[in-house]
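Taking it in order: structure first as structure tokens, then the write-up.
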Amino acid sequence: MTLQPPGSEAELAQARAANREHYLKVVLPKLEAGIQTEMDRRGLASFMNRTRWAPLCKAVHEELPFPPPFQIQDMTGPRQVLWASDDVDHWGDWSAESLEPVLSIEWMRIVPRYLKHRGMLVAPEIIDCTTQLRDLVKRLRLPWREDERGIWIYGYAPADPATLTSPPEAPT
């Protein structure tokens, strides 16, 4: 028998497996029940799932000139206050971990531009990928709307997609 030092690969794999099992048996069912309760309460339908979010993330990395910043509203979380969309100076983290759990994303607001710093005495350059993002969400056939605050992708919304609107400015 070979003794493994604490924190060995085997122990880490065992801990990951235990965490995953706990997530699948305890956390996920509670999350799904909370989402279903909220859907019923607000009369919402589900429009997205993991197989629709994954191609979006992949396409953002492969097709856009930069990963645009985004804001997410969680179905069961507190209502988000929208941040200003005209002075965004960062990129978005489109990694799978940053979007998890995708099943609880009510909406994602994408700001397809950012201010690129060019120096202390020079105004920042506006880098915009609105057209490319618009083409991407159309091609992927995602439930989306666009307004002056960005492009909105809906995980959950009223059952009639024609009624999709941007969320209010203040949290509800």
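The values are calculated or read from the model by the stated rules, or taken from the named source; none is laboratory data. None of the values given here were measured: they were computed from a predicted structure. Every residue, glycine among them, receives a Cβ derived from its backbone with ideal geometry; neighbour counts consider all protein chains shown.
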Exercise for the section: Could you identify the single residue in V81, V122, V88, V60 that is touching a helix residue (DSSP H, G or I) at 6+ places or on another chain (Cβ under 8 Å), among the β-branched types (V, I, T) and assigned by TED's automatic domain parsing to the domain that holds W144? Expected result: V60
Exercise for the section: Select, from R109, R79, the only residue that is within 12 Å of the chain's Cα centre (by Cα) and among the charged types (D, E, K, R). Expected result: R109
Exercise for the section: Looking only at the range 124-134, decide whether some residue is closer than 15 Å to I72 by Cα and in contact (Cβ under 8 Å) with a residue 40 or more places away in the chain. Expected result: no
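Return a yes/no flag: does the range 4-18 have any residue that is within 30 Å of L115 (Cβ to Cβ), among the basic types (K, R) and not in a loop (DSSP other than H, G, I, E, B).
Scanning the range 4-18 turns up no residue that is within 30 Å of L115 (Cβ to Cβ), among the basic types (K, R) and not in a loop (DSSP other than H, G, I, E, B).
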Problem - Search result, residues across the range 64-83 that are closer than 13 Å to P112 by Cβ and among the polar types (S, T, N, Q) - result: Q71
Practice task
Inspect all residues belonging to the range 92-109 and state whether any of them is of a type in the set (A, V, I, L, M, F, W, C), surrounded by 11 or more Cβ atoms within 10 Å (Cβ to Cβ), in contact with a strand residue (DSSP E or B) (Cβ under 7 Å, 6 or more places away or on another chain) and more than 16 Å from G155 (Cβ to Cβ).
Solution key: no
Exercise for the section: For the range 96-111, state whether one or more residues are of a type in the set (A, V, I, L, M, F, W, C), in a loop (DSSP other than H, G, I, E, B) and over 30 Å from A33 (Cβ atoms). Expected result: yes
Exercise for the section: Can you confirm whether the range 58-75 contains a residue that is under 21 Å from P158 (Cα atoms) and assigned to a loop (DSSP other than H, G, I, E, B)? Expected result: yes
Handout entry: The one condition in (1) buried (at least 16 other Cβ atoms within 10 Å of the Cβ); (2) in a helix (DSSP H, G or I); (3) hydrophobic (A, V, I, L, M, F, W, C) that V88 fails to fulfil
Key = (2)
